[in-house]
Amino acid sequence: MDDARDRGLTLNPKYDDHGLITAVVTHVTSGEVLMVAHMNAQALALTVETGLAHFWSRSRQSLWKKGESSGHMLGVRDIRIDCDQDAVWVLAEPAGPTCHTGARSCFFRRIRPDGLSAVDEPGVDAAH
């Protein structure tokens, strides 16, 4: 265990072999998970610097600012890093739907024994 990284107050992200860390984004007020993405050092620095969420697209191999084309930016209210500094938690205020599908959250479906169902589907009990 690296005490300086695990317990200290110096930012020292532990990026993976591709130079990325996982970023979990939740709604600052409701706590709802909005999305999970990846950040490289530049995306993390821009997020801290601008107060708007930036990520690294693994499929496009490029930096992107969330909402740049849709206008649905994620205004960052707090950023936290986990104990071994290999994941960040972004608490954000979305300026519209977070998911590229137009859904409020990217986690809009529930896995059930008979397949997928919409999370907001009326009359569906989350426990079943």
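Roll a 1.4 angstrom probe over the protein heavy atoms and tell me the percent of accessible area of the chain that is carbon or sulfur. Of the solvent-accessible surface of the chain, carbon and sulfur hold 53 percent. In the chain, Cα pairs under 8 Å separated by at least six residues give a relative contact order of 22 percent.
Qualifying GluC sites (Glu not before Pro) in region 10-82, where qualification requires a DSSP coil assignment and no more than 16 other C-beta atoms within 10 Å, comprise Glu32, Glu68. Per residue of the chain, the DSSP helices (runs of n ≥ 4 H) give a summed -39500 (n - 2.57) that works out to -3000 deg cm²/dmol at 222 nm. The long axis of helix 41-50 is offset from the longest Cα principal axis of the chain by roughly 80 degrees. Provide the FRET efficiency to the nearest 0.05 for the Ser30-Ser70 pair, computing r from the beta carbons and using R0 = 25 Å. E between Ser30 and Ser70, to the nearest 0.05, is 0.75. Net length available on complete extension from Cys99 to Asp120 is 6.1 nm, with 0.36 nm assigned per residue and the Cα-Cα distance removed.
The values are calculated or read from the model by the stated rules, or taken from the named source; none is laboratory data. Since we're looking at a predicted model, the values are computed, not measured. Reconstructed Cβ throughout: ideal geometry from the backbone, glycine too, with neighbour counts over all protein chains shown. All accessible areas refer to the heavy atoms of the entire protein, side chains included, with ligands and DNA or RNA removed. Shrake-Rupley method; radii C 1.70, N 1.55, O 1.52, S 1.80 Å.
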